[in-house]
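Written below as structure tokens is the structure these notes are about.
Taken together, the values in this text are just the output of simple stated rules run on the coordinates, not laboratory data. These numbers come from a predicted model, not from an experiment. Counting neighbours? That spans all protein chains shown, and the Cβs are built from the backbone with ideal geometry, glycine included.
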There are 2 protein chains.
Amino acid sequence: MRRKRVAVIISGRGSNLRALIGASEKPNYPATIALIISNRPGAEGLEHGIASNIPTLVIDHERFRDAPNPKAAFEEQLNDILHANEIELVCLAGFMRLLSDDFVNSWAGRILNIHPSLLPAFRGLHVQRRTLESGVKIAGCTVHIVSSEMDAGPIIGQAALCVQPDDTIESLTERILRLEHTLYPACLAAIASGSAKLIDGAKVALECASVPISTIATPSS
Amino acid sequence: MRRKRVAVIISGRGSNLRALIGASEKPNYPATIALIISNRPGAEGLEHGIASNIPTLVIDHERFRDAPNPKAAFEEQLNDILHANEIELVCLAGFMRLLSDDFVNSWAGRILNIHPSLLPAFRGLHVQRRTLESGVKIAGCTVHIVSSEMDAGPIIGQAALCVQPDDTIESLTERILRLEHTLYPACLAAIASGSAKLIDGAKVALECASVPISTIATPSS
């Protein structure tokens, strides 16, 4: 088995990055984390890469702010680095910048993202606060292919949990994060191995139903 | 314990009505189904009422179509009958008409509805078809207080299941219905007993966390 070469792009503490690195260290995992990129110089998550001997670099988006088109300049450098490292799949893991349509289209079907809601509910920002305010009783997270519309690309997998009456933004965020750390590696494996693939350019079909792509947490009693 | 007097309003086969009747026959259930109303003369679900010796009647909305305001005329008769039967809570169970703001406001906080999605996702009609087309991996159902905005009132409870790769509209509908038959009686009990109640007029708070208000189906392997 040849492992797919994956780049993980972060902006912050990179807890999902750590989960992906952990999964990729297992012998049969179909992907290897070949590169870690942060757009923020001080991102804590960079340490996970250094600790694991994975090439780690910063592309500081602030450096491009005087360019005629800062986003395009940032993405050109990003694109060059991904190609130079023969990257096949990109995982966004708390990367807090929107990618342009041009960039997304040039990597169509090969960028994954994780979002802390059961999409299509609660697209966008401040997800856990909005989740709590809405009064929903079941929350979760979603791994999806990135498309040009924010948080709307084909869904690879979802995981759910029960909102507890005494949940705060912090406690809900923490419990959803724990689900994310299981879901993201499972979904990356499904895409990297080909057991999940795009059909009709829109849905993600799972050829192998045994992939644990819908994880559901046991409700606490 | 005095049981709350509940009217169930249906338009079709009334499978949730049957589940509510079944639950209400248990000795400690905090609500009794005191009245069954259908807006369609031929609704199969009427038989559940007859079989259970529960007063059952038809208010045919077609009879009011020549009235100056057909919806208002229908709802006036409905309202009169509910009050004449000392109804305290109303459960919509496959009732396929939208209620007016006036009617909903006059019964504010006392009308429950069940919807075959994890709201706020997939409000409106053709829910299971849209659920499948969207490619979500986790689906479910929601019991909520009816507000003047369709499928948007305070959520009492939700139940979730995993969408299977070979699910059809029919198979998904059937499995969600089975969840509904557990969720609806649990949510009616929570409201009737007062363990769930409106706070801030918007959220439903559960005083008793032991109410199984977030049922999650075990993923089939």
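Odds and ends about this structure:
- At 7 Å out from Cα toward Cβ: residue A:3 inter-copy label distances (nm, ascending): 6.2
- Cβ-Cβ FRET estimate between residue B:202 and residue B:171, R0 fixed at 41 Å, reported to 0.05: 0.70
- Semi-axes of the equivalent ellipsoid for segment B:1-107, Cα gyration tensor, largest first, Å: 24, 16, 11
- Across all C-alpha atoms in chain B, the radius of gyration and Dmax reach 17.1, 57 Å.
- Each 20 Å bin from zero holds the following percent of Cα-Cα pairs in the protein assembly as shown: 24, 47, 23, 6.
- Segment A:1-90: trypsin sites (Lys or Arg not before Pro) falling in loop per DSSP and having at most 14 other Cβ within 10 Å: A:2, A:65
- Paired Rg and Dmax values of segment A:128-174, which use every Cα atom, in angstrom: 12.3, 37
- Cα-based helix-to-principal-axis angle, A:70-84 vs chain A, degrees rounded to 10: 80 degrees
- Using distinct alpha-carbon pairs, which all enter the 1/r mean, Kirkwood radius of segment B:81-174 in Å: 14.4 Å
- With a simple spin-label model that places each label point 7 Å from the Cα along the Cα-to-Cβ direction, the separation between residue A:123 and residue A:100 comes to 2.2 nm.
- Distances in nm from residue A:166 to the matching label points in the other copies, shortest first (labels 7 Å along Cα to Cβ): 4.5
- Between the amide H of residue A:147 and those of A:152, A:153, distances stay under 5 Å, these residues lying 5 or more places away or on another chain, with hydrogens modeled in the peptide plane.
- Entries of B:4/B:26; A:26/B:137; A:137/B:137; B:4/B:197; A:137/B:197; A:4/A:71 with Cα pairs more than 23 Å apart: A:26/B:137; A:4/A:71
- Distant-in-sequence amide contacts of residue B:121, defined by a placed amide H-H separation under 5 Å and a gap of 5 or more residues or a different chain, comprise nothing.
- Karplus 3J(HN,Hα) series, Hz, for segment A:128-139 with 6.51 cos²θ - 1.76 cosθ + 1.60 (x for Gly, Pro): 5, 4, 5, 4, 5, 5, 6, x, 5, 9, 10, 10
- A cut-off of 5 Å between modelled amide H atoms, ignoring neighbours fewer than 5 places along the same chain, links residue A:140 with A:118, A:161.
- Per-residue 3J(HN,Hα) values for segment A:98-111, derived from phi via the Karplus relation 6.51 cos²θ - 1.76 cosθ + 1.60 with θ = phi - 60°, read 7, 8, 6, 4, 4, 5, 4, 5, 6, 10, 3, x, 10, 10 Hz in sequence order (x marks Gly and Pro).
- Taking label points 7 Å from Cα along the Cα-to-Cβ direction, residue B:150 and residue A:79 give a separation of 4.3 nm.
- What separates the residue B:98 label point from its copies, with the point 7 Å along Cα to Cβ, is 3.0 nm, written shortest first.
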